[in-house]
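One structure follows; several queries about it will come next.
The values are calculated or read from the model by the stated rules, or taken from the named source; none is laboratory data. The model shown is predicted, which means the values in this text are computed figures rather than measured ones. Glycine gets a Cβ as well: all are built from the backbone with ideal geometry, and neighbour counts include every protein chain shown. Surface areas here come from the heavy atoms of the whole protein model, side chains and all, with no ligands, DNA or RNA. Shrake-Rupley method; radii C 1.70, N 1.55, O 1.52, S 1.80 Å.
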Amino acid sequence: MRPILMKGHERPLTFLRYNRDGDLLFSCAKDHTPNVWFADNGDRLGTYRGHNGAVWTCDVSRDSTRLITGSADQTAKLWDVQTGQELFTFRFDAPARSVEFSIGDGLAVITTDNFMDNVPTAQVKRITEDPDDQSEESLLVITGIKGRINRAVWGPLNRTIITAGEDATVRIWDTETGKCLKESDKEQGHQKAISSLSKSADWSHFLTGSLDKTAKLWDTRTMTLIKTYVTERPVNAVDISPLLDHVVIGGGQDAMNVTMTDRRAGKFEAKFFHKILQEEIGGVKGHFGPINALVFNPDGRSFSSGGEDGYVRLHHFDSDYFNIKI
């Protein structure tokens, strides 16, 4: 499985996202400029210029026409995917950390950090078809969470929003009332900050990764803990295979603590676990720094990783991967 190395960022990667068809890969980094690549051969298709701070996250609409990005410059921006044109800017009083389109792309959830005297929020914005009709008004503002919200995603049928972050707690919120419906159990749940959250293809369960060196699989409806995957490094990124019963987990030490380029010392590899049996089934090395982003292609036949080293690595699985038996 020879990786394709994609060098288009000057600073560490923060987030990766495929479009629904799996033919485009969007990458975010601390260098202010999101990129879009062909997911097959890794050729860079274009860039989105306009942010003045690190870009933490992005999402692409289901028809691949719109991109939304969240940045440390206290804005979230809507873009035309094809032309790179900036369509609209949502302005906040704090960095925009997480963004995601709803089913149907008519709404977006955007989280803002606890910055200066501002409390962290998760805000729902209406997304209009015509950019001229777009407004900054929030339909819902969720507050009451201590610590930064690192991820906020939509639940099934847009009825709920799932949040996770620095306080190590996963919460499910009602999108009509803004009330907290469920919280993860403090004993069973993560013990340190949650860095990442990824949903299954059918949205029935989701995976969280934490600095406590574990990843946990949860039932979306009941918030029941299903499985725990234990590693020997802080987890920065996780994803669930849409094809096989596999999950991928990546991380490494905090960038500030990395003093050597020895990949083994830093444990900078993507580790694959069997989703049901919780057993480690393999690993993919290559990055010269912690892995900050991981994502499976929607067809399940390739995955991409983004690291502190500024590289995106695109891996197409060979036939042996699909014949793994446990």
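Using θ = phi - 60° and the Karplus relation 6.51 cos²θ - 1.76 cosθ + 1.60, list the HN-Hα couplings for region 3-10 in order, rounded to whole Hz, with x at every Gly or Pro.
x, 9, 8, 10, 10, x, 10, 8
What is the distance in Å between the Cα centroid of region 197-246 and that of region 78-133?
Here the answer is 25 Å between Cα centres.
Using the Kirkwood formula on the Cα atoms of region 158-251, what hydrodynamic radius do you get, in angstrom to one decimal?
Answer for region 158-251: a Kirkwood hydrodynamic radius of 13.3 Å.
Separate question: Under a 1.4 angstrom probe, counting protein chains only, how are T214, T224 ranked by accessible area, largest first?
Listed by decreasing accessible area, they come as T224, T214.
Solvent-accessible area of M223, probe 1.4 Å, all protein chains present, reported in Å² to the nearest ten, please.
20
Rounded to the nearest whole Å², what accessible area per residue is found for region 1-90 with the 1.4 Å probe?
Result: 42 Å² per residue.
Okay, next question. Select from region 1-109 those GluC sites (Glu not before Pro) which occupy a DSSP coil region and have at most 12 other Cβ atoms within 10 Å, ordered by residue number.
Answer in residue order: E10.
A further question follows. Report, largest value first, the span of the C-alpha coordinates of the chain along each principal axis, in whole Å.
For the chain, the Cα spread along each principal axis is 51, 45, 37 Å.
Then there is this: Can you tell me, using C-alpha contacts under 8 Å and at least 6 residues apart, the relative contact order of region 29-105 as a whole percent?
The value is 25 percent.
May I ask for the Rg/Rh ratio of region 35-194, computed from Cα atoms with Rh as the Kirkwood radius, given to two decimals?
0.98
Further, regarding this structure: Provide the packing ranking of 274-285, 54-65, i.e. peptides ordered by the mean count of other C-beta atoms within 10 Å per residue, highest first.
54-65, 274-285
What percentage of the solvent-accessible surface of the chain, computed with a 1.4 Å probe over protein heavy atoms, is contributed by carbon and sulfur atoms?
Taking all protein chains in place, the chain shows 45 percent carbon and sulfur surface.
May I ask you to list the lysines whose Cα is less than 26 Å away from that of K30, ignoring any residue fewer than eight positions away on the same chain?
K7, K77, K125, K146, K192, K199, K213, K267, K271, K285
With every atom except the alpha carbons ignored, what do you get for Rg and Dmax of region 14-87, in angstroms?
11.0, 34
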